[in-house]
Amino acid sequence: MLPLLRSLLRAHGGRVLYSAARHSSATYLQSFILHNTEVVTDHLTPEIRLLLLTPRCKYWHLRPEHWPYGDPYWAIYWPGGQALGRYFLDNPDVVRCRRIMDLGSGCGAVSIAAKMGGASYVVANDIDPVAAAAFALNCQLNGMDDLPFDPENIIGDDAGLWDVIALGDMFYDEQLADSLHRWLRRCMEQHGTTVLIGDPGRGHFLGHPIQKQLQKVAEYSLPESTKQENYGLTTSAVWRYQPGCS
Ligand SMILES: C[S@@+](CC[C@H](N)C(=O)[O-])C[C@H]1O[C@@H](n2cnc3c(N)ncnc32)[C@H](O)[C@@H]1O
């Protein structure tokens, strides 16, 4: 397995670090991504083509310190995101004519799936500037004009605009999980927002108090390549957050 990905997965239980980008113009970032990823469809939503890091890419084999940017979460389609993407494509009623916020969008596949499912308005949100460039490229690759991208940390903000907040593989850090939990509860209580979480059963997620207020709505077997990259995880699920229903 690539050293970079191995360290990323290890960091999954810890703090996310973002090193200063050496070159950060959108054009440079897009050119970097195009040269260092390849188009992938062997995931749960093969309808969506994505530029991702694979064993055929140079950086798969190099040590993490050679990677010029912050941790490339955007270069992987995480199992939680894959489950959400599949769920949106198979259940378009969940997103059709709705306003969707894809929080922690990474490569952007969940946003693209929501748009394909008929969402009226989709915004991808990620605090990593390289994810913005990857998202724009992935939109183009799937014949979509760039969907809106929000680079701000919106956790804690008023979320009245959204019918659905989707979170793929976002419960990987205890502090982040706690602040998400507080915010999501407020979004639901104040605005009746539907909250959907994709997660393959990671420790931080299964052990978090939010578990008591979740209802599993779908579960999928992961493709072989995703299983190999994710230390023996075999399935990924979509959960609906329903505070007060524990
Ligand atoms: C494990 S990746 C999941 C990516 C995508 N949802 C998927 O399932 O493929 C987590 C993503 O969350 C982003 N992230 C971390 N903290 C965030 C925050 N406070 N607000 C928005 N995005 C954040 C990271 O930059 C990263 O792209």
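The values are calculated or read from the model by the stated rules, or taken from the named source; none is laboratory data. Being a predicted model, the structure only gives us computed values, none of them experimental. A quick note on method: Cβ atoms are made from the backbone with ideal geometry, for glycine too, and the neighbour counts reach across all protein chains shown.
The residue that is nearest to the ligand (Cβ to nearest atom), counting only those in the range 78-134 that are surrounded by 24 or more Cβ atoms within 10 Å (Cβ to Cβ) and among the acidic types (Asp, Glu), is Asp126.
For every residue, the table says whether it meets (1) among the aromatic types (Phe, Trp, Tyr); (2) in a helix (DSSP H, G or I); (3) out of contact with any helix residue (DSSP H, G or I) (no Cβ under 8 Å at 6 or more places or on another chain).
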{"position": "Ala83", "(1), (2), (3)": "no, yes, yes"}
{"position": "Arg86", "(1), (2), (3)": "no, yes, no"}
{"position": "Asp93", "(1), (2), (3)": "no, yes, yes"}
{"position": "Arg96", "(1), (2), (3)": "no, no, yes"}
{"position": "Asp102", "(1), (2), (3)": "no, no, no"}
{"position": "Cys107", "(1), (2), (3)": "no, no, no"}
{"position": "Ala113", "(1), (2), (3)": "no, yes, no"}
{"position": "Gly118", "(1), (2), (3)": "no, no, no"}
{"position": "Ala124", "(1), (2), (3)": "no, no, no"}
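Filtered by the rule that a residue be within 12 Å of the ligand (Cβ to nearest atom) and either more than 18 Å from Ile33 (Cβ to Cβ) or among the β-branched types (Val, Ile, Thr) (or both), the range 135-162 gives Asp150, Glu152, Asn153, Ile154, Ile155, Gly156, Asp157.
Going through (1) touching a residue at least 40 places away in the same chain (Cβ under 8 Å); (2) closer than 28 Å to Gln211 by Cα one by one, Ala134 falls short only on (2).
Out of Arg240, Arg202, Arg185, one residue alone is closer than 16 Å to Phe171 by Cβ, charged (D, E, K, R) and either touching a Leu at 6+ places or on another chain (Cβ under 7 Å) or assigned by TED's automatic domain parsing to the domain that holds Pro55 (or both). It is Arg240. Is it the case that Tyr59 is at pLDDT 95 or above and surrounded by 19 or more Cβ atoms within 10 Å (Cβ to Cβ)? Taking the combined requirement at face value, the residue does not satisfy it.
Residues in the range 188-198 include none that are farther than 17 Å from Arg240 by Cβ and within 11 Å of the ligand (Cβ to nearest atom).
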